[in-house]
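K.L.:
Shown below is the structure under consideration.
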Amino acid sequence: MFRLKLVPQVTNIPFIKIRHITFFASIFLNIAAVVLFFTAGLNYGIDFRGGTMIELSTQTAADLGKIRTLVSSLELGDVQAQTFGADDTVLIRLEQNAGGEVAQQKAVADVKATLDKQYGSPITYRRVELVGPKVSGELVEAGFLAVILAAGAMLVYVWFRFEWQFGVGSVIALIHDVAMTVGIFSLLQIEFNLSIIAAILTIVGYSMNDTVVVYDRVRENLRKYKKMPLGELINLSINETLSRTIMTSFTTFIAMLALFIFGGEVMRGFTFAMIWGIFIGTYSSIFIAAPFLLWVGVKRDWSGAAAPVAGV
């Protein structure tokens, strides 16, 4: 039977020797991500900003200029209109208006009446979403709280399963992954909505799974090789799990790539975040979480002293 192997079963790649380069590169990129977040900011979707979103389709390629002019004539505040996946599909965003849900519903009715009367060709309305300012504020708080609680729960889990050094290393890797994801969304200004929060939570779980696999092999080798220098042992552990890590990442990437290409515009942000998370999660497990153990030292067994950092 043919067996697909992306990497050889046995490898001896010197990951630990380049740890200083990857550490400083990651620090630089994380600082850049934070700077981008506070300068360019995120392109928050209607979930977080509040307002009204109307998705419609036309019989032929949509005339964005005409649609934007007709909706703007209603004086509903800031109006955005853009094609959405296809030339005949348009997404209209209206800013939050005073008057709450009643005012938003009236705005939707006015938009529909105006377009139906003056656009010149039949329009089909696919969906309408209304989000009030109170709800959007609560969604922002709940979304970021979910990410923080997930990282905290992972810290407790790894701490109890291994040692505190493993727990801290895994959370540092998770913070790295989340910061890099937020940074790439700030850089590319892809819409950041609730589905992206769901993607980040999935990335947290995916990255933690990869990290735990490497950590579990490190723990096994700590008991197996009593005198091997810690740097060599961690490098051996990464290489022993590399085939599994790359294969898992590759198969997940194939599934996400199919969703990205064929899943439609609604799924595009989520799948992009997942594809990015696969790469960054795999990277952090190998180049952040595992080498971190070398900085803090770990025990050869659960009752002995911390292993010496020698031979690196």
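Please treat every number below as a calculation from the coordinates, not as lab data. All of these numbers come straight from a predicted model, not from anything done at the bench. Here the Cβ positions follow ideal geometry from the backbone for every residue, glycine too, while neighbour counts run over all protein chains shown.
K.L.:
Using modelled backbone amide H atoms (1.01 Å from N, in-plane), which distant-in-sequence or interchain residues come within less than 5 Å of Phe84's amide H?
P.N.:
Hits under the 5 Å cutoff: Thr89, Val90, Leu91.
K.L.:
Between Phe160 and Asp216, what is the label-to-label distance in nm when each label sits 7 Å out along the Cα-to-Cβ direction?
P.N.:
1.7 nm
K.L.:
From zero up to wherever the largest Cα-Cα distance of the stretch 154-241 sits, split into 10 Å bins and tell me the percent of pairs in each.
P.N.:
Result returned by the calculation: 16, 39, 27, 14, 4, 0.
K.L.:
Using just the Cα positions, wrap the chain in a convex hull and report its mean projected area in square nanometres, one decimal place.
P.N.:
20.0 nm²
K.L.:
Okay, which of the stretch 256-274 sit inside 20 Å, backbone N to the point 7 Å along the Cα-Cβ direction of Ala142?
P.N.:
270
K.L.:
Now, a different point. Say R0 is 41 Å: what FRET efficiency, to the nearest 0.05, do Leu257 and Glu101 get from their beta-carbon distance?
P.N.:
Using R0 = 41 Å, I get an efficiency of 0.55.
K.L.:
Right, next: State, in angstrom, two size descriptors of the stretch 235-303 derived from its alpha carbons: Rg to one decimal place and Dmax to the nearest whole number.
P.N.:
16.3, 54
K.L.:
What 222 nm value per residue comes from the helices of the chain, counting each DSSP H run with n ≥ 4 as -39,500 (n - 2.57) and dividing by all residues, nearest 500 deg cm²/dmol?
P.N.:
-22000 deg cm²/dmol
K.L.:
With each pseudo-label sitting 7 Å past Cα toward Cβ, what's the Ser57-Ser243 distance in nm, one decimal?
P.N.:
Those two pseudo-labels are separated by 4.8 nm.
K.L.:
Most fluctuating residue of Asn209, Asn235, Asn12 in a GNM of the chain with Cα springs under 10 Å: which is it?
P.N.:
Result: Asn12 has the largest fluctuation of those listed.
K.L.:
What Rg and what Dmax come out for the stretch 21-105 when only alpha-carbon atoms are used, in angstroms?
P.N.:
According to the Cα coordinates of the stretch 21-105, Rg and Dmax are 18.4, 57 Å.
K.L.:
Let me ask you something else. How much of the calculated P(r) for the stretch 80-220 lies past 24 Å, in percent of all Cα pairs?
P.N.:
53 percent
K.L.:
Provide the per-residue ³J(HN,Hα) series for the stretch 184-196, in order, calculated from phi with Karplus coefficients 6.51, -1.76, 1.60 and θ = phi - 60°, each as a whole number of Hz, with x at glycine and proline positions.
P.N.:
Values per residue, Gly and Pro as x: 5, 6, 5, 5, 8, 6, 6, 4, 10, 10, 4, 5, 6 Hz.
K.L.:
Also, quick follow-up: Mind listing the phi-derived Karplus ³J(HN,Hα) values for the stretch 150-158, rounded to whole Hz, using 6.51, -1.76 and 1.60 with θ = phi - 60°, and x for any glycine or proline?
P.N.:
5, 5, x, 5, 5, 4, 5, 4, 5
K.L.:
Moving on to the next point. How much length is gained on full extension from Thr39 to Thr114, taking 0.36 nm per residue of separation minus their Cα-Cα distance?
P.N.:
23.2 nm
K.L.:
Also: Normalised by the number of residues in the chain, what is the relative contact order in percent for Cα pairs under 8 Å and 6+ residues apart?
P.N.:
25 percent
K.L.:
Run the quick spin-label model on Leu149 and Phe23: label points 7 Å from Cα toward the beta carbon, then report their separation in nm to one decimal.
P.N.:
Once both label points are built, they end up 3.4 nm from each other.
K.L.:
Could you pull out the longest piece of the chain with no exposed loop GluC sites (Glu not before Pro) in it, calling a site exposed if DSSP puts it outside H, G, I, E, B and it has at most 16 other Cβ atoms within 10 Å?
P.N.:
96-312
K.L.:
Using modelled amide H (1.01 Å from N, peptide plane; none on Pro or chain starts), what sits under 5 Å from the amide H of Phe192, excluding residues fewer than 5 places away?
P.N.:
The list, which skips near neighbours in sequence, is Asn43, Tyr44, Gly45.
K.L.:
Explain nothing, just compute: Karplus ³J(HN,Hα) = 6.51 cos²θ - 1.76 cosθ + 1.60, θ = phi - 60°, for every residue of the stretch 37-49 in order, whole Hz, x for Gly and Pro.
P.N.:
Using θ = phi - 60°, the values come out as 4, 8, 9, 6, x, 9, 8, 5, x, 5, 4, 9, 9 Hz.
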